[in-house]
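None of the figures in this text is laboratory data; all of them are computed from the coordinates on show. Here the structure is a predicted model, which is why all the values come from computation and not from measurement. Heads up, the Cβs are rebuilt from the backbone with ideal geometry, glycines too, and the neighbour counts pull from every protein chain shown.
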Amino acid sequence: EYKLTYYTPEYETKDTDILAAFRVTPQPGVPPEEAGAAVAAESSTGTWTTVWTDGLTSLDRYKGRCYHIEPVLGEKDQYICYVAYPLDLFEEGSVTNMFTSIVGNVFGFKALRALRLEDLRVPPAYIKTFQGPPHGIQVERDKLNKYGRPLLGCTIKPKLGLSAKNYGRAVYECL
């Protein structure tokens with residue numbers, strides 16, 4: 001049971017923790033504490049089976065902790081599960097690493113009927129590890145000759161199947 005290790009209602013969050021709020025709908029018969037603990041486990045150090053390498057590291061240092069659960073008002077069998085992740089769990093300056101850990105394979109976990117990340121708090125200690133653009137926004141705008149509006153990057157959908165002409169039209173509409 002994940003609940004024994006990853007459900008820690010006595011845990012007091014730290015200023016350096018990454019905090020996530022998940023909307024969880026457990027499968028019938030799965031208590032919310034077990035579902036919340038499963039989310040914390042599967043998105044950090046836990047796995048569905050015992051592995052011999054667990055004894056080679058300090059689980060307490062790296063594990064996610066489901067520290068609070070509250071029912072969603074007006075929704076049957078839905079809960080907000082709050083999970084705290086220690087910064088040591090993540091690679092510095094990597095959004096990809098952070099999101100892969102927090103919202104990776106946990107969404108396919110069988111104990112859950114539905115799961116959605118509702119909110120995420122990233123602490124300043126982690127944000128400071130991101131270098132950002134090397135030149136600043138003004139240099140980027142000068143290179144693109146685009147001023148007075150937001151700059152954004154996107155993936156044109158569908159990614160495949162558009163003719164060159166239609167792909168160009170879609171890109172032009174984004175500009």
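The angle between the Cα long axis of helix 164-174 and the longest principal axis of the Cα atoms of the chain comes to about 80 degrees, rounded to the nearest 10.
Counted residue by residue at 0.36 nm each, then reduced by the alpha carbon distance between them, the extension gain from LEU162 to LEU87 reaches 22.8 nm. Using alpha carbons only, how many degrees (0 to 90, rounded to 10) separate the axis of helix 32-42 from the longest principal axis of the chain? Computed tilt is about 60 degrees.
Loop-only GluC sites (Glu not before Pro) in the range 76-150, please: DSSP not H, G, I, E or B, and at most 14 other Cβ atoms within 10 Å. Passing both the DSSP loop test and the Cβ count: GLU91, GLU92.
Per-residue ellipticity at 222 nm for the chain, helices alone: DSSP H runs ≥ 4 residues times -39500 (n - 2.57), over residue total, nearest 500 deg cm²/dmol? Kindly include the intermediate steps, with their values, before the conclusion.
Numbers: 7 runs with 51 residues, N = 175.
Calculated from helices alone, the mean residue ellipticity at 222 nm is -7500 deg cm²/dmol.
Taking the charge dipole of the chain about its Cα centre, with +1 at Lys and Arg Cβ atoms and -1 at Asp and Glu Cβ atoms, the residue from HIS135, GLY74, PRO124 reaching farthest to the positive side is HIS135. Scan the chain and report its longest stretch carrying no trypsin sites (Lys or Arg not before Pro) that are both in a DSSP loop and have at most 14 other Cβ atoms within 10 Å. Longest site-free region, per DSSP loop and neighbour criteria: 15-75.
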